[in-house]
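Visitor: Before I ask anything, here is the structure I am working with.
Read-outs: derived from the displayed coordinates by stated rules, not from any lab. Predicted model, so just to flag it, every value in this text is computed and none were measured.
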Amino acid sequence: MNPIRKAAVAIAAAAMVSGSATVSACSGQPSAVVLQTADGVTRLSVETVDYTAQLEAFNASARKLGSALLVDSGDSGNGNVVSSPASLLIALSMLRSGASGATAAEMDSVLGLPGEGREEAMNALLASLEKFDGDPGSVDEDNPPRKPVMHAANGLFVDEGVPTGEEYLATLAKHFGTGVYPVNFADEAATKPAIDQWVSKNTGGRIKKAPAHYDPDNTFSLLNALYFAAAWETPFDASDTADRPFTKASDEVISVPTMHSSLALAYAEAPGWKAVDLPYAEGFVMRLVLPDGGASGSSGSAPVSAEVLGEVAAKLSSAPLDMVHLQLPKWDHKTSFELRAVFETLGLNQMLSTDKDFNAIQPDMKLTQAAQAANITVAEKGTIASAVTQLNAVGSAAGPEPQRELILDHPFQYEIVHVETGMPLFTGWVADPR
């Protein structure tokens with residue numbers, strides 16, 4: 001029997017171990033919904049060093065997605081945009097694992113996803129991030145931790161009345177270390193709070209609700225959450241923070257609280273931009289890229305391209321440390337995106353329209369909604385950021401596999417019954433159907 005249909009029958013099962021994730025408070029799963037994973041499948045152990053080329057392809061893909069998100073700008077009304085291309089890439093990678101045909105080819109081409117070793121490389125990426133995993137709810141956001149917390153979580157909510165493909169479920173367990181939560185989407189009063197609880201738990205309460213509008217007709221909701229909290233390697237002195245002028249793209253000059261310090265940083269520049277890597281206490285940096293020109297020039301009023309970001313990354317990776325005087329404004333921003341518009345701009349039209357190429361996930365599955373919410377707070381002590389990406393879909397309710405048979409291949413009796421009263425309005429016997 002399909003594992004998810006089995007799960008629907010055995011939804012009250014307490015917990016599953018050794019490849020079938022243990023139910024625990026720190027997992028972020030809703031208390032009323034039991035995580036179900038593929039029976040007998042354990043996560044593959046991989047290392048990033050074995051997938052260097054694939055990981056670079058992922059990085060290039062994330063830069064492309066990030067540029068598209070910034071150009072789209074979501075619901076930003078003032079030009080400030082924060083997004084998570086990594087969250088979107090992880091969500092799309094999980095969706096790609098269940099894609100076939102023209103949709104799979106389109107996703108690979110448009111997103112620049114690696115061919116051989118794609119899922120293994122994503123597994124390696126997620127495993128690398130897990131070295132910094134922690135509970136977002138335990139973080140004192142007024143005092144970001146010296147050891148960064150980088151929490152990544154994948155949540156798949158599937159309708160318990162719609163079968164989920166066995167191979168897809170096995171792929172989730174083998175490469176993404178996760179399973180699915182069987183729910184009843186028609187029961188909004190139970191399912192919407194469960195999804196929202198998952199979102200809030202995995203973002204430390206910074207995002208309290210799933211970014212896509214709840215639709216009881218959906219049968220599939222894939223979510224990725226990222227939460228990041230880290231102190232700077234060298235904190236800024238709050239007593240040195242002062243209002244400084246900041247020139248907007250419109251040439252308007254405003255005054256904003258600005259931090260400053262002199263630090264030994266990886267520094268690089270080229271025609272059109274300057275950049276530094278500002279390190280956190282461990283494992284992460286904030287890459288700051290300043291286009292030339294400012295408000296009065298032609299290149300300072302818009303984000304740089306994905307190609308330029310690739311050049312920045314290459315130069316900074318080999319840049320020597322220079323003493324840099326850094327002047328950095330504080331900021332606290334949030335943005336929401338309707339991702340279908342972003343996908344259309346990228347050219348993922350087949351992915352948006354198909355109702356056949358995701359059959360490995362659910363029968364006749366078609367994407368209905370895609371959204372992201374992201375926020376970030378940057379101050380003297382460090383950075384707190386979170387994001388949730390949500391991809392929703394509807395599949396056909398094929399129902400559970402039959403456990404018994406009724407093959408009408410010899411004479412049989414029938415009734416036509418009035419349901420409300422139980423009255424048999426017609427009855428008969430079929431000895432020869434001709």
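Visitor: Which values, in whole Å and largest first, are the semi-axes of the equivalent ellipsoid of region 242-329 obtained as the square root of 5 times each eigenvalue of the Cα gyration tensor?
Guide: Numbers: eigenvalues 101, 68, 21 Å².
Over the Cα atoms of region 242-329, the ellipsoid semi-axes are 22, 18, 10 Å.
Visitor: State the dimensionless ratio Rg/Rh of region 314-383 (Rg: radius of gyration of Cα atoms; Rh: Kirkwood radius). All intermediate terms of the calculation are to be shown ahead of the outcome.
Guide: Details: Rg = 20.5 Å, Rh = 16.6 Å.
Expressed as Rg/Rh, it is 1.24.
Visitor: Find the percent of Cα-Cα distances in region 212-286 that exceed 15 Å, and round it to a whole number. Could you put the intermediate results ahead of the total?
Guide: Numbers: 2087 of 2775 pairs.
Every Cα pair in region 212-286 considered, those over 15 Å come to 75 percent.
Visitor: May I pose another question? Of Lys201/Lys274; Lys201/Lys366; Lys174/Lys334; Lys174/Lys209; Lys248/Lys274; Lys147/Lys201, which pairs sit farther than 26 Å apart, going by alpha carbon to alpha carbon?
Guide: On the way: Lys201/Lys274 38 Å; Lys201/Lys366 28 Å; Lys174/Lys334 34 Å; Lys174/Lys209 29 Å; Lys248/Lys274 18 Å; Lys147/Lys201 20 Å.
Too far apart for the 26 Å limit: Lys201/Lys274; Lys201/Lys366; Lys174/Lys334; Lys174/Lys209.
Visitor: From Cα coordinates alone, what are the radius of gyration and Dmax values for region 150-277 in angstrom?
Guide: Considering region 150-277 through its Cα atoms, Rg and Dmax are 22.6, 60 Å.
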